[in-house]
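The values are calculated or read from the model by the stated rules, or taken from the named source; none is laboratory data. Model, not experiment: these values are computed from the prediction. Glycine gets a Cβ as well: all are built from the backbone with ideal geometry, and neighbour counts include every protein chain shown. When the accessible area is computed, the model is the full protein with side chains, heavy atoms only, and any ligands, DNA or RNA have been set aside. Shrake-Rupley method; radii C 1.70, N 1.55, O 1.52, S 1.80 Å.
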Amino acid sequence: MRSLLRALLVFAGLCLVWQVFVTVTGIPPYLLPAPTRVFAALIDRADFLLPHALLTLAEIALGMLFGILLGGFSALTLARFAPARRWLLPVLVVSQAIPVFALAPLLVLWFGYGLASKVAAATLIIYFPVTSAFYDGLRHTERGWLDLARVMGATGGRELLLLRVPAALPGFASGVRVAAAVAPIGAVIGEWVGASAGLGYVMLQANARMQIDVMFAALLVLGLMAVTLYYAIDAALRRFIPWLPESLTASSKE
Amino acid sequence: MTTISDPSRSRALPTSPPAVSVHAARLDYGGTPLFDELDFSLAAGQWTCVLGPSGVGKTTLLRLIAGLEEAAAGTSIAAGDGRPLAGRVAWMGQQDLLLPWLSALDNALLGARLRGEPDPGSERRSAAIELLKLVGLGGRLAARPAELSGGQRQRVALVRTLIEDRPVILMDEPFSSLDSVTRWKLQELAVELLAGRTVLLVTHDPREALRLGHRVHVMAGRPARLDRPLLLDPRTPRRLDDPALLTLESELIRRLAGAAEAA
């Protein structure tokens, strides 16, 4: 609660600096609208912004769902089968070298202007962090636990499922946190390249029409959604993985 | 935890435990041989203790018997009854190695779960609960390791080792991280519960070896050698104020000091 209060105070402080800056320099509102104008636009155009925001949120949520499922599955495959490691790991690294931004026009071409191409972009952008964090966790199981399992006569599959997967969940959790932070990027990129709805679309349109206050309002909504998503995910992870090392959760609290 | 060597408390084994012999063991570590032509044996149904300066290879020897180290060709590790050793060994390491996401009870039952044995069911489960009660953790069955003290965690690890119900028990300084009172209690408990099994106890504490062991070796040199064992009378745990043991203790410390110089 205190940290929330602190965050709000910092936000209010920034808005104040912004307001003073706009008032003192007399910068025209089509370059930088004052925060009061932005909030006014946010309230006036709420009915207009809401459906777009919900659409973007849906894209982010679906992208996270697919990205996490796909990443989790890939990491398990890599950890379980040595040939998969030899053949797929290089592909995975190379695939990460191609920016999603460059792929977005292709995705729109393939999946159309609707929801699917944005979900695909968000999925792609979070696939790698989830896979690599989870796979890393799966590879670095405490040596002693593996020795214990070996003396106990564990089967490979059960060792993976009962030992290495739970041990890797903290790593998986940090991958999911990164995913929550970058998934909105994927969705917005998809909307920029080609869409007829969504916050990214609203921002482009408002920019073209010099409605910079609307653009900022959309940006504010997007930021609020992203931050809420991140903290909701973080809280859920800590709730379901109580053995998460403190250092990980502590760093995310800051 | 007061009565000692009450036979009804130690879990009876279906067959008598085997002796274990290591013959002509060779193992390289960083280019130099840690063991070369090393011979060593565990007497059936007895506690064999190995003492030695750190780094001499005590832990490696134990891991070799546990099947956790690759020995060079020519090494033979065999059970006295001619049957394979794999699957008849339980291992207890220096750390408790409890899984932080499992309760004390589930940690104790880990082996059965990892082998995919049909649901540990009532029998093994109730045996584990009995043992946890016996070690004074009856009220902490559902506690996660993070909620337990170091001594309690080590007791869960002891129960996990026992519930495996293996005839050969390999213990690597299992009590070294505990305070002396807890260590004392756990030693008594281990003697009681492991009675009649073939036990290898690696330790750096001469008093622990004298208190618990039937045969005590000192390991020294590189490549490492084991001296002739000190044979002790079979009643354990012993009282350490026995003057005969005090003499033996100074003898052991002398040997250990010699071993440390040779290393």
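Label sites at residue B:146 and residue A:238, each approximated as a point 7 angstrom past Cα along Cα to Cβ, lie 1.1 nm apart.
Restricting the calculation to Cα atoms, the range A:1-112 yields a radius of gyration followed by a Dmax of 22.5, 65 Å. Computed about its Cα centre, the charge dipole of the range B:100-165 is approximately 220 debye, with only Lys, Arg, Asp and Glu carrying charge at their Cβ.
Estimated at the nearest 10 Å², the accessible area of residue A:45 is 80 Å² with a 1.4 Å probe. The figure for residue B:58 is an accessible area of roughly 10 square angstrom, using a 1.4 Å probe on the protein chains alone. In terms of its alpha-carbon gyration tensor, the range B:70-220 comes out oblate; a/c meets the 1.5 threshold, while b/c is at least as large as a/b. Largest accessible area first, the listed residues B:218, A:24 line up as A:24, B:218 when surface is computed with a 1.4 Å probe on the assembled protein chains. Computed on protein heavy atoms with a 1.4 Å probe, the accessible areas place A:159, B:69 in the order B:69, A:159, largest first. In terms of the Cα gyration tensor, with a ≥ b ≥ c the square roots of its eigenvalues, is the range B:26-86 rounded because a/c is under 1.5, prolate because a/b exceeds b/c, or oblate? Oblate shape, in that a/c is at least 1.5 and b/c is the bigger or equal ratio. Near the amide H of residue B:34, within less than 5 Å, lie the amide hydrogens of B:27, B:28, B:29, all on another chain or at least 5 residues away, with H placed in the peptide plane.
At an R0 of 35 angstrom, the distance between the Cβ atoms of residue A:140 and residue B:115 translates into a FRET efficiency of 0.90.
With N as its number of residues, the protein assembly as shown has a Cα radius of gyration that, divided by 2.2 N^0.38 Å, comes to 1.34. If you line up the long axis of helix B:150-163 against the longest principal axis of chain B, both from Cα atoms, how many degrees apart are they, to the nearest 10? Helix B:150-163 sits roughly 90 degrees off the main axis of chain B.
Let me check against my output: what whole-number percent is the relative contact order of chain B, with C-alpha pairs under 8 Å and at least 6 apart?
Values: 481 pairs, mean separation 76.3, N = 263.
Value for chain B: 29 percent.
Using a 1.4 angstrom probe on the protein heavy atoms only, could you order A:2, A:209 from most to least accessible area? The partial results should precede the final answer.
Details: A:2 185, A:209 150 Å².
Output order, biggest surface exposure first: A:2, A:209.
If R0 equals 25 Å, the separation of the Cβ atoms of residue B:233 and residue B:94 corresponds to a calculated FRET efficiency of about 0.30. If you take all other residues with their beta carbon under 12 Å from the beta carbon of residue B:226, and give Lys and Arg +1 and Asp and Glu -1, the sum is +2.
Rounded to the nearest 20 debye, the dipole size of the range A:1-130 about its Cα centre is 460 debye, using +1 on the Cβ of Lys and Arg and -1 on the Cβ of Asp and Glu.
Phi-derived couplings, Karplus 6.51 cos²θ - 1.76 cosθ + 1.60 at θ = phi - 60°, listed residue by residue for the range A:229-234: 4, 4, 6, 5, 4, 4 Hz, with x used for Gly and Pro. Subtracting the Cα-Cα distance of residue A:88 and residue A:196 from 0.36 nm times their residue separation leaves 35.2 nm of extension gain.
Computed over the alpha-carbon pairs of the range A:33-253, the distance histogram in 5 Å steps reads 1, 7, 13, 15, 15, 14, 12, 9, 6, 4, 3, 1, 1, 0 percent, short to long. Using a probe of 1.4 Å, the accessible surface attributed to residue A:73 totals some 140 Å² when neighbouring protein chains are kept in position. Shape class for the range A:62-114, computed from the alpha carbon gyration tensor (a ≥ b ≥ c): oblate, with a/c not under 1.5 and a/b at or below b/c. The simple spin-label model puts a point 7 Å past each Cα toward its Cβ; for residue A:110 and residue B:180 those points are separated by 7.0 nm. Evaluating 6.51 cos²θ - 1.76 cosθ + 1.60 at θ = phi - 60° for every residue in the range A:164-177, the Karplus couplings come out as 6, 5, x, 5, 8, 4, x, x, 4, 4, 5, x, 5, 4 Hz, glycine and proline recorded as x.
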